[in-house]
Amino acid sequence: MDILIDKPAWKNLKLHRDSLTQSHMRDLFAADKKRFEKFSTRFETLFIDYSKNLITTEILASLLELAKQCDVHEFLQDMISGRKINFTEDRAVLHTALRSNINATVFTDKSNFQIKIKAELSRIQLFSEKIRNGDTAEFSNKRITDVVCLGIGGSHLGPELVVHALRSFNKKRLNLHFIANLDGLEVQEKLASLKPEKTLVIIISKSFKTTETLSNARLFDEWLNISLGVKQTKKQLIAITANKKSAIEFGVSTKNIF
């Protein structure tokens, strides 16, 4: 199989790049009054403007031809359908299934993965509603008032974005906290402001091996243990991970792993 730089379209792109080395954006707009219309597009609520990049009609055609020569469309269809395109780990890439229509069919290893997604989303919804409604007897004999999320990067940015964007809808006034670094002072200040018996700790790590996340998780685990004991701590630890085995070894109850 040819590598990317051996594709004819790639070689054409290099030629186009060289021809634009002395070009200025204002000249490109002056030469084509419809440049903005040509190099911008809209899909539903998403608007993309790439007119202010060094691109021409010929370059766009070469980019599309490169995608064709690299079978991008075929790989995209394979990914969406659940075929194993992650050759390194010999597995399917299923983030698109999580974001697609819940009633769609995505088969991997001869089973419909959407069924698993639907079941897990139902678990998450039930868990979330219990916390928001104060139905927290299975976690603590006190009403949960604070939820601490430990994660870094994608495990932290997405959840915090949602919380920030929807904060005006937080009618239950549940306090949500995010810790995404190894700043010991921040952790200690946070611990001092919380009550162990009213706090849930959510550990977010796909691998459950992220150094920063697990270091902070150990601090919160110790904090809960000192005040509540091992048995109760187990009830108040939540894990979001693909490594269920490591989460259990850490001390998270199986029913609290998502």
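The values are calculated or read from the model by the stated rules, or taken from the named source; none is laboratory data. Note that the structure is a prediction, hence the values are computed from the model and not measured. Note: ideal-geometry Cβ built from the backbone for every residue, glycine included; neighbour counts use all protein chains shown.
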Practice problem: Considering each residue of the stretch 141-188, count those that are touching a Leu at 6+ places or on another chain (Cβ under 6 Å) and either acidic (Asp, Glu) or under 25 Å from residue 228 (Cα atoms) (or both), and give that number. | Solution: 5
Quiz prompt | Members of the stretch 204-222 that are surrounded by fewer than 21 Cβ atoms within 10 Å (Cβ to Cβ) and in contact with a helix residue (DSSP H, G or I) (Cβ under 6 Å, 6 or more places away or on another chain) | solution = 219
Self-check item: Flag for residue 160 being of a type in the set (D, E, K, R), touching a residue at least 40 places away in the same chain (Cβ under 8 Å) and not in a loop (DSSP other than H, G, I, E, B)
Solution: no
Quiz item: Would a scan of the stretch 51-58 turn up a residue that is at pLDDT 95 or above and in contact with a strand residue (DSSP E or B) (Cβ under 8 Å, 6 or more places away or on another chain)?
Solution: yes
Quiz item: Which of (1) of a type outside the set (Gly, Ala, Ser); (2) closer than 21 Å to residue 258 by Cα; (3) modelled with pLDDT under 95 is the odd one out, the single condition residue 164 does not satisfy?
Solution: (2)
Practice problem: State the number of residues belonging to the stretch 1-16 that are in a helix (DSSP H, G or I) and touching a residue at least 40 places away in the same chain (Cβ under 8 Å). | Solution: 7
Quiz item: Can residue 142 be described as basic (Lys, Arg) and not in a helix (DSSP H, G or I)?
Solution: yes
Self-check item: Restricting the stretch 70-108 to residues that are among the polar types (S, T, N, Q) and surrounded by 13 or more Cβ atoms within 10 Å (Cβ to Cβ), the residue that is farthest from residue 3 (Cα to Cα)
Solution: 105
Practice problem: Only one of these is of a type in the set (S, T, N, Q) and either touching a residue at least 60 places away in the same chain (Cβ under 8 Å) or more than 18 Å from residue 241 (Cα to Cα) (or both): 122, 207, 193. Name it. | Solution: 193
Quiz item: Just to be sure, is residue 126 in a helix (DSSP H, G or I), out of contact with any helix residue (DSSP H, G or I) (no Cβ under 6 Å at 6 or more places or on another chain) and farther than 17 Å from residue 238 by Cβ?
Solution: no
Exercise. Could you pull out every one of the helices (runs of 4 or more DSSP H) wholly within the stretch 17-122 that has 2 or more residues that are of a type in the set (Val, Ile, Thr)?
Key: 57-69, 72-81
Exercise. Hey, can you tell me all the residues within the stretch 1-47 that are farther than 24 Å from residue 70 by Cβ, loosely packed, with under 10 Cβ neighbours inside 10 Å and charged (D, E, K, R)?
Key: 26, 33, 34, 42, 44
Quiz item: Out of the residues in the stretch 165-218 that are in a loop (DSSP other than H, G, I, E, B) and among the small types (Gly, Ala, Ser), which is nearest to the chain's Cα centre (by Cα)?
Solution: 205
